[in-house]
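The values are calculated or read from the model by the stated rules, or taken from the named source; none is laboratory data. Everything numeric in this text was worked out from a predicted model, so none of it was measured. Here the Cβ is made from the backbone with ideal geometry for all residues, glycine too, and neighbour counts use every protein chain on show.
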Amino acid sequence: MGAVVLRVAVVDCLARGRVGRRVATVDAIGAGPRLVVGIAESLGHRADLLMCEEAVKKPSALKGYEVLMVSGMSVDVPSMVKVVRRWGRGPSVAGGPAFVDYDSLLRGGFDYVVWGEGEAPIPDLLKHLDLGTEPTGVLNLIYRGEGGRVVRNPGPPYLNYPPLWMYRPSVRAVTNYPGWWGARVYVEVVRGCSNFLRPTLRLPNGRACIKCDNCRSPNLEVRLQCPIGIPPGCGYCSVPALFGPARSRPLEDVVWEVRGLIKAGVTRVVLSAPDFLDYGRDWLVAPKPLTNPREPPPNLGAIESLLKEVTSIPEVSSGDAYVMVENVKPNLVSREVAEALGRYLRGTPIHIGLESGDREHHTALGRPSTVDEVVEAVKLLRSVGLKPYIYVIHGLPGESRRTVKATARVVKELFSLGVEKVTLYRFTPLKGTAFEGFKPPPPAVKSPRARSLYWLVRRLNLEGKRRLVGATVKAVVAGAARDGLVAYTLPHGPVVKVPGGRGLMGKVVEVRVTEAVSDRVVRGDVIRVLRSALGG
């Protein structure tokens, strides 16, 4: 602990884009900002979590703090800069996946940018800020030195324990989020990704796979390096390049956090990982890095131990709170794996990446799976009572009318197999990925190629919502809109609009669905109040 207790403002700008406020996935609370608060608190400092909206609209919210720390993604850099320009005093630090745009962040007014994972640099940086000394030895820190020269302190490409997993995210900080009791609160269980394959498409800088097979080597360490420098993983994804291979969090730390969040009143917890089925797989190959997305198979012992512990928490076993997992790689889903997931997670959603339904295009993107494995995974997961959701991306490099038609065919097939929702994303050429430098596509509804896919996905998603009309769902009231109250389906599903006054805020209610408003929203009437999520 330093000689002085610093007052640290941690501002969450994740998913705020250019506008300084969230316009999508408003019910999701990430793990990163809470971890930063936890690190600062563990060092004896006072840290508070603030929303980007609050810091942008009401700069007085930042008064009284001595250090500013802002978290965001690349798309959030404009919002992060808006925050720091309202700061104007004391040291300011940027972090999160936005660190790849460190030049823009420094130009925008930040004093420091944390490159990569925060557990190593943040504690040392806070000590230097406490003592007023230069952070010359802080690992993976970027700042301006003498004469305005950009300095990037060296450090490891990714962390291992320690310092990885040495710090616990703040549970208390979750209550600073609006509607936190009804939000999906993400709890990190795996850092990084095991997919160190590379895309085979020709890249904007002229590079193309030379078929050296390094990324398919049986030697897991060889997979880390590409002789021509193509970043690892799916071409559109930055996780393996920026955060390294998959590393699993200790079970007791996950259970501690889930238990604490639920005790605080959180009703929906998401076990967060680029691939939940990587959990414990790294322990099977240690001390080698887990850079093979297909072998060894999932560590069912570790997975079942974790799921048994978190679903045995009294509020979860009673149905007052819910635990679900985020993503799975379809190539790791076997009958045995599906049955294990079904034992603990029946009735909850689970996300699978399809991205492209064209077989050749799918693998050329650097994906570890095949289209057939996506279809088989949906069948298996549906058969054990899970609710598969599918991701698709339009505008990807290599997209053609042929690939879009193939994707449409597969999407129709997956809906016929019981997929409940397809999320269609627009490709974004993220910095630090293999596909950096490609031209961003127009929105799907304006794309000559993807427009038909957009309307197909929208129609199928709307049909799914219409099937809910007349059904009764359980939901938690978490916010207000101009046309009523906003409730979130438990454990997860469409947004539900219901009539009523603010007395329903924070209540878990039973709702009869009366109308499908859109492909994302339904409307209904409250039949009865079941309980208060806030303990009242």
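Look through segment 244-295, keep the residues that are part of a loop (DSSP other than H, G, I, E, B) and of a type in the set (Val, Ile, Thr), and return whichever of them is farthest from the chain's Cα centre (by Cα). Steps first, please.
Applying the first criterion (part of a loop (DSSP other than H, G, I, E, B)) to segment 244-295 yields 244-246, 249-250, 265-267, 273-275, 279-280, 286-295.
Subsequent filtering for residues that are of a type in the set (Val, Ile, Thr) retains 266-267, 291.
Working: VAL266: 18, THR267: 18, THR291: 20 Å.
So the residue we want is THR291.
Regarding GLY347, is this residue touching a residue at least 24 places away in the same chain (Cβ under 8 Å), of a type outside the set (S, T, N, Q) and surrounded by fewer than 20 Cβ atoms within 10 Å (Cβ to Cβ)?
Working: touching a residue at least 24 places away in the same chain (Cβ under 8 Å): yes; of a type outside the set (S, T, N, Q): yes; surrounded by fewer than 20 Cβ atoms within 10 Å (Cβ to Cβ): yes.
Yes; evaluated as a whole, the condition is true for this residue.
For every residue, the table says whether it meets (1) assigned to a helix (DSSP H, G or I); (2) at positive phi; (3) touching a helix residue (DSSP H, G or I) at 6+ places or on another chain (Cβ under 8 Å).
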| position | (1), (2), (3) |
| --- | --- |
| ASP48 | no, no, yes |
| VAL56 | yes, no, yes |
| MET69 | no, no, yes |
| SER79 | yes, no, yes |
| TRP87 | no, no, yes |
| ALA98 | yes, no, yes |
| TYR102 | yes, no, no |
| LEU105 | yes, no, yes |
| PRO123 | yes, no, yes |
Could you say which residue among LEU126, LEU105 is out of contact with any Phe, Trp or Tyr (no Cβ under 8 Å at 6 or more places or on another chain) and either basic (Lys, Arg) or surrounded by 17 or more Cβ atoms within 10 Å (Cβ to Cβ) (or both)?
-> LEU126
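Take the residues of segment 1-46 that are basic (Lys, Arg) and outside any strand (DSSP E or B): which is nearest to THR133 (Cα to Cα)?
So the first thing to find is which residues in segment 1-46 are basic (Lys, Arg), and the list is 7, 16, 18, 21-22, 34, 46.
Those still in the list that are outside any strand (DSSP E or B) too: 16, 18, 21-22, 34.
Details: ARG16: 33, ARG18: 34, ARG21: 35, ARG22: 37, ARG34: 26 Å.
Out of the qualifying residues, it is ARG34.
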Per-region count, segment 384-417, residues touching a Ser or Thr at 6+ places or on another chain (Cβ under 9 Å), assigned to a loop (DSSP other than H, G, I, E, B) and farther than 25 Å from GLY342 by Cβ | 4
Could you look through segment 17-40, keep only residues that are of a type in the set (D, E, K, R) and more than 19 Å from VAL486 (Cβ to Cβ), and pick out the one that is modelled with the lowest pLDDT?
-> ARG18
Counting just the residues of segment 143-155 that are of a type outside the set (Ser, Thr, Tyr) and touching an Asp or Glu at 6+ places or on another chain (Cβ under 9 Å), which one comes out surrounded by the fewest Cβ atoms within 10 Å (Cβ to Cβ)?
-> GLY145
Condition test on LYS465, is it under 25 Å from the mean Cα position of the chain (by Cα) and either of a type in the set (Ser, Thr, Tyr) or crowded, with 16+ Cβ neighbours inside 10 Å (or both)?
-> yes
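Name the single residue, out of those in segment 133-142 being closer than 19 Å to PRO97 by Cβ and free of Cβ contacts under 8 Å to residues at least 40 places away in the same chain, that is surrounded by the fewest Cβ atoms within 10 Å (Cβ to Cβ).
Let us first name the residues in segment 133-142 that are closer than 19 Å to PRO97 by Cβ, namely 139-142.
So of that shortlist, the ones also free of Cβ contacts under 8 Å to residues at least 40 places away in the same chain come out as 139-141.
Values: LEU139: 19, ASN140: 22, LEU141: 24.
Applying the filter and picking the extreme gives LEU139.
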